[in-house]
Structures are given as structure tokens and as C-alpha cells.
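Trainee: Let me begin by handing over the structure; questions about it come next.
Quick note: the coordinates plus some simple rules give every number you see, no bench work behind them. This is a predicted model, so every value here is computed, not measured. Cβ placement follows ideal geometry from the backbone for every residue including glycine, while neighbour counts extend to all protein chains displayed.
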Amino acid sequence: MRLYPVKTGFIHVGDNVVDVALKALSGQNLSLEDGDVLVFASKIVAFMQCRIVKLDDVKPSRKALELAEKFSIKGEVAELILREADVVYGGVEKAVLTLKNHVLTVNAGIDNKNAPLNHVALWPEKLKETAKQLREEIFQKTGRNVAVMIVDSGLIPLRRGTVGLALAVAGFKPIVDFRGQRDLYGKEIIITQHAVAQDLASAAHLLMGEAVEETPIVLVKGAPIKFDEGVYGPEDLALPPSECVFMNAFQRSH
């Protein structure tokens, strides 16, 4: 497998990310081929969808101000968290744990980083449909049958630092189910499902970086994945809370 970071320069609100990607690929003498995967950071998709909010335009509610004081965040950000999150669980200083689109994430995916001054970026809308749209547009403009993935930074409980988080996939199976197969000693595998999209998201995230890299796209060639015509959103990648070892254990402990 080979991964190529695709530098785009500054992205502007309303930019067409497929056009941005194709121009950047051409500028780096990289060509798309059938079977490639093009990975987009959620932030570049948010810019395309104009999901960038000026904080001066947000009026915090009383509930938002209470949340802001509790976790040392701006009242305007707290208000956006309450609007965007499906559930607010709690948190630590500067970070509120939320459920958004079936994903446990900090601050409902709202990010101050690499958004204009006094602005924040929200998670893209309709992630599943957007991944499908990006894949179809790439095919229309290039004739190449490539897969598409939208990713963001995520956290693993009790582990320091961010990793890649797959939000939506179009064109390959994001989960490989090993249940019912046999291991090296002939024992039946009972619960293991391999989050292939998550692994690929982290590989791309390593090249995208977190600061001034200007690399919101990664081209992947030769990935060990099973291509299909499926489209998978957060709801398809999610595990029900009742089956999640973390959620189930903490809910029972309370």
C-alpha cells in the first residue's frame, strides 16, 4: 500500500473539493487509477458545505453559559455544542464528550483549529450522501472508479493523542467480519470485526497532520480492501451502545 499526501494550499468557503483535489493531484504529478482511495479531511468538506460559523453571530443561551463555565469553553462554542450534539455526557477542561451522528466525539465535532479567526468549523452534513456525491463527481470528471472516505481526528479512551476517525465511506467495505472463522489454533473467532476503514483513516491522518500542513487529502494506492458499490455513513459504522464494552460498562456503573 502506498499513500501520497496531497497539498492543496488554503481552502476557501464554498470551494469544490473535487476540483481542488484534481488540481492538486495534477500539480504533484499524481494520477488517479481504478481502485485508488481518495481520503478527504472532514474540515475541507465543511468548507465546501459552508459549515463555518462566525462566533459573533452566535448568542449563547443560559444553558450554554452554564456548560461553558463548567468546562472552561466559550459560551458561543457551548451553544453550538448544544445545537449540534445528540447527547452531552460531560467532559474535562476545554473538551465536552458528546454523541453526534452515532459517534462519541469531543465538542460535537466543532473545531476551532484551521478555521478563520473567530470562526469554528462544524462537522459536514449528510456524510453518507456527501461521500457518495464526491465519488460520483470524481468518476464524472475523470472516468476513474475510485473509493472515497471522509475522516476526522478522534480519540481512544485512556490513550493520549488523536487518531484517524472514519466518518463515511463510499466504494469499499469498511468492516471485515471475522466471526465464525478459525484462528491459528483452530479456535472459532467469536467477536472480532476488523475496522478496516478506521485503520486506513489513521494511516491518512498521519500524513494529513494537525496544524499547518495544508494536506487535507491523501491518495491511497494498493490498499488491502474489498471494493464494492456500497456507501456507508456513521450509522453503518456504529456499534449500538448496548453492545459497546465502554458504554455498557459505564452506564451500568452509574
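Trainee: Would you work out the relative contact order for the chain, in percent, from Cα pairs under 8 angstrom that are 6 or more residues apart?
Mentor: Values: 480 pairs, mean separation 64.5, N = 254.
Relative contact order comes out at 25 percent.
Trainee: Could I ask something else about it? If contacts are Cα pairs under 8 angstrom and at least 6 residues apart, what is the relative contact order of segment 1-71 in percent? Write down the numbers at each step before the final one.
Mentor: Values: 29 pairs, mean separation 27.1, N = 71.
Relative contact order here is 38 percent.
Trainee: Taking Cα pairs under 8 Å and at least six residues apart, what relative contact order does segment 52-123 come out at, in percent?
Mentor: The normalised contact order for segment 52-123 reaches 29 percent.
Trainee: Under the 0.36 nm per residue contour assumption, what length would be gained going from the current alpha-carbon distance of Leu155 and Val176 to full extension?
Mentor: Length gained, Leu155 through Val176: 5.4 nm.
Trainee: For Arg62 and Phe10, calculate 0.36 nm times their separation in residues minus their Cα-Cα distance, and state this gained length in nm to one decimal.
Mentor: This chain segment gains 15.1 nm when fully extended.
Trainee: Also, quick follow-up: Find out how many positive minus negative residues lie around Glu210, taking Lys and Arg as positive, Asp and Glu as negative, among other residues whose Cβ is under 13 Å from that of Glu210.
Mentor: In short, -2.
Trainee: While we're on this one: Scan the chain and report its longest stretch carrying no GluC sites (Glu not before Pro) that are both in a DSSP loop and have at most 13 other Cβ atoms within 10 Å.
Mentor: 126-209
Trainee: Give a residue-ordered list of calculated ³J(HN,Hα) values for segment 8-21 (Karplus: 6.51 cos²θ - 1.76 cosθ + 1.60, θ = phi - 60°; whole Hz; x for Gly, Pro).
Mentor: Couplings: 10, x, 5, 9, 10, 4, x, 4, 7, 6, 5, 4, 4, 5 Hz.
Trainee: Here is a further query. What does the C-alpha gyration tensor say about the overall shape of segment 52-123? Classify as rounded when a/c is under 1.5, otherwise prolate if a/b is larger than b/c, or oblate.
Mentor: Here segment 52-123 falls in the oblate category.
Trainee: Could you go through segment 180-194 in sequence order and give the Karplus-derived ³J(HN,Hα) for each residue, using 6.51 cos²θ - 1.76 cosθ + 1.60 with θ = phi - 60°, rounded to whole Hz, and x for Gly and Pro?
Mentor: Running phi through 6.51 cos²θ - 1.76 cosθ + 1.60 with θ = phi - 60° gives x, 7, 10, 8, 4, 9, x, 6, 6, 7, 9, 10, 6, 10, 8 Hz.
Trainee: How much of the pair distance distribution for segment 8-92 lies past 15 Å, counting alpha-carbon pairs only, in percent? Please report the intermediate quantities before stating the final value.
Mentor: Values: 2442 of 3570 pairs.
Every Cα pair in segment 8-92 considered, those over 15 Å come to 68 percent.
Trainee: Right, here's the next one. Restricting to DSSP H runs of at least four residues, report the calculated mean residue ellipticity at 222 nm for the chain, -39500 (n - 2.57) per run over all residues, nearest 500 deg cm²/dmol.
Mentor: The per-residue figure over the chain is -9000 deg cm²/dmol.
Trainee: Starting from the exponent 0.38 and prefactor 2.2 Å, build the expected Rg for segment 194-254 from its residue count and divide its actual Cα Rg by it.
Mentor: 1.53
Trainee: Read phi for every residue in segment 137-148 and hand back ³J(HN,Hα) as whole Hz from Karplus 6.51 cos²θ - 1.76 cosθ + 1.60, θ = phi - 60°, with x for Gly and Pro.
Mentor: 5, 4, 5, 5, 8, 10, x, 9, 8, 10, 8, 10
Trainee: If you don't mind, another one. Say we join alpha carbon atoms closer than 10 Å with springs in a Gaussian network model of the chain; which of Gly186, Gly230, Gly109 then has the biggest fluctuation?
Mentor: Gly186
Trainee: Here's something else I'd like to know. Based on the Cβ-Cβ distance from Lys54 to Asn29, what FRET efficiency comes out when R0 is 41 Å, to the nearest 0.05?
Mentor: E between Lys54 and Asn29, to the nearest 0.05, is 0.60.
Trainee: Could I ask something else about it? Any idea what log10 I(q)/I(0) is at q = 0.13 Å⁻¹ for segment 132-254, Debye with uniform C-alpha scatterers and no solvent?
Mentor: -0.67
Trainee: Counting Lys and Arg as +1 and Asp and Glu as -1, each charge on the Cβ, what is the dipole of segment 157-198 about the Cα centre in debye, to the nearest 20?
Mentor: So the magnitude is around 140 debye.
Trainee: Among Val106, Val120, Val92, whose Cα projects farthest towards the positive end of the dipole of the chain, with charges put on the beta-carbon of Lys, Arg (+1) and Asp, Glu (-1)?
Mentor: Ranked along the dipole, the leading option is Val92.
Trainee: Mind computing the radius of gyration and Dmax over the alpha-carbon atoms of the chain? Å is fine for both.
Mentor: 19.1, 62
Trainee: Given points 7 Å out from each Cα along the Cα-Cβ axis, report the Val212 to Gln133 separation in nanometres with one decimal.
Mentor: Roughly 3.3 nm, to one decimal.
Trainee: When the convex hull of the C-alpha atoms of segment 89-159 is computed, what volume per residue in Å³ does it have?
Mentor: 133 Å³
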